[in-house]
Amino acid sequence: MKFSKAFFKNFRLLRNLELDFSTDPERRLTVIRAANESGKTTTLMAMQWALYGDISLPGKGKDYRLHPIDWDFDNNPRVMIEVIIEFEHVSYKPANNGKSQEMTKFYRLIRSTSEEMKGKKHKRLPSTVALYELNPQGDTPIEPVEPILHDMLPLELREVFFTDGDRVLSFIQANISATAKRQRVQNAIKSLLGLNVIENAINHINVSINDTYKKVKDRSHSKDLSEVSERLEIVTNDLDKLEPKNLDLIDQLTNVELQIDEKDNEIVAILARGDQEALSRELIECRENIQKLEMRKKELEKKHSNLFRDDALAYNLIAPIINKAFQILSTLEADGTIPSNTIPVLEERINIGKCFCDELFDDSPSGIKRREAVERKINLQKQNDGLLKQLTDLFYSSRRILTDRNTQNWNWGEKYKDVLKQRNDNEEQLQKERQNQNAINIKLEQLGNTDVRAMKDYKRNLELTKEKIIRDQASVYNQIKNLKEQAKVLEKQQNSLLRRKERNYLLLSELEVSKDIRKILQNTYDALINNELQKVSTTMNEYFLKMICADPEQGAIIRKSEITPVFDIKVYGSRNRHLDPDRDLNGASRRALTLSFILALTNVSEVIAPNVIDTPLGMTSGHVKRSVLETSIEHSSQLVLFLTRAEIESCQDIIDQNAGIVITLTNTAHYPLMLKNNPNNSEIKVLRCECDHYEHCQLCERLGFESNAKLAYRD
Amino acid sequence: MDKYYNPFQNQELRFPKIYQEQILRFTQTKSDDVKGSQPSQSPFPRMVDLWLFAVCIGAKKGKRTLLTKEETYKFIEGAIFTSDPWRVDLLSLLAIGFSENPNIINKPREIIQMANELAVTGLPEVFQMLTEGYSEPIWNLSTQIVEMLQEAD
C-alpha cells in the first residue's frame, strides 16, 4: 500500500486540510514540516481512524472528542467529521507464463461520522466507512471494507506503520513494566506473521478436546471416570475464560502504563513552562514590585526637580559675585566697621570722663567740645546700627557658606550625578520587572486553563488503576497456573481410568490424537515465532549499528542489540556486558534502537505499507541524526515523516536527494506567541503552505527561530 | 542674619507678562487642567524657584533689563522667602556684589528691583536651556547646568 492523498474535515485541528504523499519509488520520502502542536499527532491519529475506526483512538474512542475544540454548536448543532485516504495497492495475479504479474490498483477510503453536544458532553454516532476502487470509468464500491483493508494493512501492525517517535520509546523505557514491554514486542512480532490462523487452529483443537472430555463424562458408566471428567471439563472451561482475561489484563496494563508515561511527560512539560499557582504568586509579587518602583520613580523625579531650588546651585552659578560681596564685607571687617562695638566703648569713656588719648571730658570748653564730638559719633553710630548689624550678620553667615563651599554638600554636579544614578538604576529595575511580568503573563497564557493539580490527580488515579490491574493479573495468572496443574493431574487420572475399560479406547484415542495435533501446532507456532523473532532481531541489530556507528562515543560502547527469546529488547557492550537503555544509551541511541525495531518489523513482515512517523529525529543530532534518516529512507517502501525545523537542521541535503514532496503545516492558534504574522483566521486550525525546508512565508514564519535568517521568503 | 528676619517681606516679585505662558508651562504649581505639571516637563517646583534661577542667570550675564510695571505682573510677595532664609542672604550678597555697595542691604526695595530686572535678563536663556536638546525639559536643563558649572570651573 502507498498513500497518495489524504483529506481531513473537522477532525480536531484538521478542519479542512489536504495532504499529498510522494509515491515516486526513487523519491520515497514525504516531509511534512510542522512545529510542536501543529497537528502532527492529530494527522497520525486521523489516518489510523480512517483505516481502523474508533478502536485506534485513545481509550478506544470513548469520551474522545473528534470535533474542533472551537466548534460553534450554537449555530451548527451537528458537526460532520470525515477523513478520506487515497492509496494505491500492489497485488499479484498469475500470469500466463506461470509467473506472477504485478497489479496496481487505486482506492479511495472514506470514513465519516458526526458529533453533537448533549449538555456538556459530546455524542458521536458510529462511523461509516466506504471503500472505492478508482477507475477511469468510475468509482466501484468494494465490500466488505474492513477485512480487505486489514489484509492490506493489518490492525495488529498499526503501531508499526503509524509511529509516534516519542511513544515508540516505550518498547525500551525503564518505567514501563518488563511484562508490558515483552508483551508489546511479542504482539508486534506475532502480528506481522499473521499467526492468527495457527492460533485459531489451536483454539479449535482445544474446543474439540473439551468436547471429548464431555463425551467421556456423558458416556461414562464409571462413577470415578464421570467425576474426573466433570472436574476436568470445569477446569478447562475456567481456563478458557481465564486465559483471554489474562491477555486482556496484560493489554490493559500496557495501556495504563503508556497513559501514565504520557501524563508524566505532559506534567513535566507544563511544569517546565510553569506551575499556574506559582506563576500567579510570582505575578502578584511582580506587580507589587512594579508599584513600589513606580512610587520610587515619582519620588526620585521630585528629588531631581528639587535640585533646581537647591542653594548650592544658586551659589555656584553666581560664585564670582558672591565672592566679590564677601570681599567687600571682609574689608569692612578688617577695618573694624564690622562687627560694631563702638557705642558701648565710647559711652563707657564718657562715663569715665576720659578719652583713650587721656584727654578729659570735663566742663572746660575743650572738654565740652571733646565730649560733644564723641556724643555726635555715638549718635551717628546709633543711626548706622541697623545697617551694621545686617552687614555683620551677613558677613558671618557668608563666611560660613564659603567655608562649606568645598564640601560635598555644595557640589551641585555631584548631587545631580547621584540623583541621575538613582533614577537610572530605578528605571532599569522597573524595566526588568515589567519584562518579568510580560514573561509570566505569556507563560500563564500558554498554560491556559491547565490545572496541574488535576493532572497529577488523574495520574495518581491511573497509578491506582495500574496497581489494581497488576494485582488482578497476578491473581488470574496464579489461578491459570493452578488450573493447568489441576488439569494435568485430572487428565492423568482420566487417562488411567479410561485405559481400564476397553470400550473407552476410542474416546481415549480421540483425545490422544487431538492433544498430539495441538502439540504440533503449538510447536510450529513457537518455532515460527522464534524464527521470525530471530530474523527481526538480526535485522534490528543491523539497522541499529548502522545508525549509531556515526556516533564515536556510542559506537565505541555498543557492540550488539537483540530481541531475546522472551521478547526483551537488549543492548550489549564489550564482553557481552548488558547495557541499560535508560542509563547507558543517550537519547539519540534510544531513538535509533526503537526505530530500528520498527523498521526491522516492517521489513521482516514483507508487508508493503507506508511508514508514517511523527518526530523520528527528536533528541538526535549530528551524524546519528543523518544516519537514522538515511537508514529509515533506505528500508521503507514509502516514508512519511513529520519533522520540526530543529529535526530538519543539518539534514537538508538528504531531504533534497530523497523527498518527492515537502510541505509545511501551521497552527493558527500559534499567533501571536510563536507566529510572526497574523493568519487572519478566527478558527483554530492547521493550514498548509507549500514552503519547503528552505523557505518560510507570511503564514508559516515563526518567531524566535534562529535559522529564520537562513530561510528564503516565499511570496 | 537672624533666620527669621526677612527684609523683603512686602516686596513684589514680578515676571514679564510676555513670558507668563512659558512660566506656567515650566513650573509645577498650577491648576490641574494645565498641561505639563509632571517634573519631567515642568522641572521647577514653584514659580519663585524659576524666578531665582533666572535671577542667577541674569546676574551671570551681568545685565539688568528694566521693564515698566505694566509690562510685568506680580506673582508673589517676598514673604515667600521666610521658608527659605538662605535666599534672603543670597539676594543680599548678590546685591552687594553686583552694586559693589554694602549699604544697599539697607534698601530691600532696591534689591528686589535689581533681582526682578536680572530675572528679566535671565528668563530667555532659562527657556532656551529648557527646550534646547532632544530630551524632556528636566533633562535638557540638567545637562545645560552641568555644562555651565563645568565651564565656570
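The values are calculated or read from the model by the stated rules, or taken from the named source; none is laboratory data. Because the structure is predicted, anything quoted here is derived from the model rather than measured. Cβ atoms come from the backbone with ideal geometry, glycine included; neighbour counts cover every protein chain shown. Side chains are part of the model used for accessible areas, which takes the heavy atoms of the whole protein and leaves out ligands, DNA and RNA. Shrake-Rupley method; radii C 1.70, N 1.55, O 1.52, S 1.80 Å.
Here the 3J(HN,Hα) profile of the stretch A:659-668, calculated from phi with Karplus coefficients 6.51, -1.76 and 1.60 at θ = phi - 60°, is 8, x, 9, 9, 9, 10, 10, 9, 8, 4 Hz, Gly and Pro shown as x. The Cα-based radius of gyration of the stretch A:214-354, divided by its Kirkwood radius, gives an Rg/Rh of 1.94. In this structure, the pairs whose alpha-carbon distance is over 26 Å, taken from A:Lys181/A:Lys515; A:Lys241/A:Lys488; A:Lys123/A:Lys241, are A:Lys181/A:Lys515; A:Lys123/A:Lys241. Summarising the amide proton neighbourhood of A:Phe361: residues at separation of 5 or more, or on other chains, whose placed amide H is nearer than 5 Å comprise A:Lys354, A:Cys355. Which percent of the accessible area of the stretch B:71-153 is formed by carbon and sulfur heavy atoms (probe 1.4 angstrom)? Roughly 45 percent, rounded to a whole number.
Within chain B, what is the number of lysine pairs with alpha carbons under 18 Å apart, leaving out pairs fewer than eight places apart on the same chain?
Value for chain B: 4.
Would you tell me the mean number of C-beta atoms belonging to other protein chains that fall within 10 Å of each C-beta in A:39-47, as a whole number?
0
Ellipsoid fit via the Cα gyration tensor, the stretch A:455-532: semi-axes of 42, 20, 8 Å, each the root of five times an eigenvalue, largest first.
Chain B against chain A buries an accessible area of about 3500 Å², both chains summed, 1.4 Å probe radius. Amide H contacts of B:Thr72: B:Lys17, each under 5 Å away and 5 or more positions distant or on a separate chain (H built 1.01 Å from N in the peptide plane; Pro and chain starts excluded). Residues whose amide H comes within less than 5 Å of that of A:Asp164, counting only those at least five positions distant or on another chain, are A:Asp614 (H built at 1.01 Å from N in the peptide plane). The heavy atoms of A:Lys62 offer some 150 square angstrom of accessible surface to a 1.4 angstrom probe. Taking the longest Cα principal axis of chain A as reference, the axis of helix A:622-634 is set at about 30 degrees.
The mean number of Cβ atoms from other chains found within 10 Å of a Cβ in peptide A:385-397 is 4, as a whole number. Packing, taken as the mean count of other beta carbons within 10 Å per residue, orders the peptides A:49-59, A:430-440 from highest to lowest as A:49-59, A:430-440. For the stretch A:414-475, the percent of C-alpha pairs falling in each 10 Å distance bin, counted from 0 to the bin holding the largest distance, reads 18, 19, 16, 15, 13, 9, 6, 3, 1.
Using the Karplus relation 6.51 cos²θ - 1.76 cosθ + 1.60 with θ = phi - 60°, the per-residue 3J(HN,Hα) values for the stretch B:77-89 come to 9, x, 4, 4, 6, 4, 7, 10, x, 4, 5, 5, 4 Hz, with x marking Gly and Pro.
Residues A:His578, A:His304, sorted by accessible area with the largest first, give A:His578, A:His304 [1.4 Å probe; ligands and nucleic acids excluded]. Hey, which of these cross-link pairs are over 24 Å Cα-Cα: A:Lys190/A:Lys535; A:Lys40/A:Lys535; A:Lys105/A:Lys685? Cα-Cα > 24 Å for A:Lys40/A:Lys535; A:Lys105/A:Lys685; rest within. Taking the convex hull of the alpha carbon positions in the stretch A:483-528 and averaging its projected area over all directions gives 3.5 nm².
Note down the relative contact order for chain A as a percent, whole number, built from C-alpha pairs under 8 angstrom at least six residues apart.
22
By per-residue mean of other Cβ atoms within 10 Å, what is the highest-first order of A:152-158, B:92-98, A:619-625?
By packing density, highest mean first, the sequence is B:92-98, A:619-625, A:152-158.
Taking the Cα atoms of the protein assembly as shown, the ratio Rg/Rh between the radius of gyration and the Kirkwood radius comes to 1.34. Taken one residue at a time, the phi angles of the stretch A:135-140 give Karplus couplings (6.51, -1.76, 1.60, θ = phi - 60°) of 10, x, 7, x, 8, 9 Hz. Gly and Pro are set to x. Excluding ligands, DNA and RNA, the accessible surface per residue across the protein assembly as shown is 51 Å² with a 1.4 Å probe. Solvent-accessible surface of protein heavy atoms, probed at 1.4 angstrom with all chains present, puts A:Glu257, A:Glu491, B:Glu21, A:Glu159 in the order B:Glu21, A:Glu159, A:Glu491, A:Glu257, largest first. With a 1.4 Å probe and every protein chain kept in, tell me what percent of the accessible surface of chain A is carbon plus sulfur. Solvent-exposed carbon and sulfur of chain A make up 49 percent of the total.
Its Cα gyration tensor gives chain B an equivalent ellipsoid, and the semi-axes of that ellipsoid, as √(5λ) in whole Å with the largest first, are 25, 18, 15. The value given for the stretch A:409-544 is a Kirkwood hydrodynamic radius of 24.8 Å, derived from the mean inverse Cα-Cα separation. The mean count of C-beta atoms from other chains within 10 Å of the C-beta of residues in B:140-153, rounded to a whole number, is 3.
Sorting A:Lys241, A:Lys263 by solvent-accessible area of protein heavy atoms yields A:Lys241, A:Lys263, largest first, with a 1.4 Å probe. Counting every pair of alpha carbons in the stretch A:603-715, the share spaced more than 21 Å apart comes to 43 percent. Adding -39500 (n - 2.57) for every DSSP H run of four residues or longer, then dividing by how many residues chain A holds, sets the calculated 222 nm ellipticity at -19500 deg cm²/dmol. With axes computed from alpha carbons, what is the tilt in degrees of helix A:412-447 against the longest principal axis of chain A, rounded to the nearest 10 within 0 to 90? It works out to around 20 degrees.
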